[in-house]
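The values are calculated or read from the model by the stated rules, or taken from the named source; none is laboratory data. Treat the numbers as computed from the prediction; the structure is a model and nothing was measured. Heads up, the Cβs are rebuilt from the backbone with ideal geometry, glycines too, and the neighbour counts pull from every protein chain shown.
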């Protein structure tokens, strides 16, 4: 199978090293995929609605497109959850439509990646374990409800900046997932691309005994989905298992 190349627009600098890590994990599993990434100017680093609306403005995204297109991607994904779902379902769809139009390529975002991943796994009930303040986490819950997903519990952690989230390691991520789990949920979602998770997805699932979907994991999967490029890599969790 030919190599698939998905380009990612990533806000600022926090957990961008998850992408070369995932590319390596996919390669070790025999999946031929390139995951090049370029950074967007985020403006104010804050999980606040006003700052997130500016962070996700199409003008900010398209300003980095020329650099990303030098990698010759076949699809583009806006690798940010909060600065996509904050626009609401319709606004996030318009954001993706305009990004696709500007790039001349299929496009998506992390918020839609979560919705598509939940559907792919046949899940109906999920819990949200978020780094965000409660009001921002509630907007992600609203987004998932528009996708027909029942959210059984939502936990926010009150962290304002992506820079702080990016300092979290394995222990903090495991604690976040454990504390955000809910017995009624079929899976736990960790929606922040500033959070390092790629190295620990399989461990998170073993700890909780259910699928765990994390922002960078679903973002990579979404890009490959856009290209109809199968990717089986058990180290990246249930989403990357052969079905």
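The table that follows gives values for the structure above.
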{"quantity": "All positions within segment 189-243 that are assigned to a loop (DSSP other than H, G, I, E, B), under 23 Å from residue 172 (Cα atoms) and without any contact (Cβ under 8 Å) to a residue 12 or more places away in the chain", "calculated": "209"}
{"quantity": "Residue list for segment 54-79, filter: at negative phi, exposed (fewer than 15 other Cβ atoms within 10 Å of the Cβ) and in contact (Cβ under 8 Å) with a residue 12 or more places away in the chain", "calculated": "63, 67"}
{"quantity": "Residue among 230, 183 that alone is surrounded by fewer than 16 Cβ atoms within 10 Å (Cβ to Cβ) and modelled with pLDDT under 95", "calculated": "230"}
{"quantity": "Test: residue 76 is farther than 30 Å from residue 179 by Cα and assigned to a strand (DSSP E or B)", "calculated": "yes"}
{"quantity": "Residue that is touching a helix residue (DSSP H, G or I) at 6+ places or on another chain (Cβ under 9 Å), in contact (Cβ under 8 Å) with a residue 24 or more places away in the chain, over 18 Å from residue 195 (Cβ atoms) and buried (at least 19 other Cβ atoms within 10 Å of the Cβ), where the choices are 149, 136", "calculated": "149"}
{"quantity": "In segment 15-51, residue surrounded by the most Cβ atoms within 10 Å (Cβ to Cβ) [restricted to those that are modelled with pLDDT of 95 or more and within 23 Å of residue 156 (Cβ to Cβ)]", "calculated": "18"}
{"quantity": "Test: residue in segment 112-131 that is exposed (fewer than 14 other Cβ atoms within 10 Å of the Cβ), in contact (Cβ under 8 Å) with a residue 24 or more places away in the chain and over 22 Å from residue 240 (Cβ atoms)", "calculated": "no"}
{"quantity": "Filtered residues of segment 25-39 (kept if farther than 16 Å from residue 216 by Cα and either without any contact (Cβ under 8 Å) to a residue 40 or more places away in the chain or assigned to a loop (DSSP other than H, G, I, E, B) (or both))", "calculated": "27, 29, 30, 31, 32"}
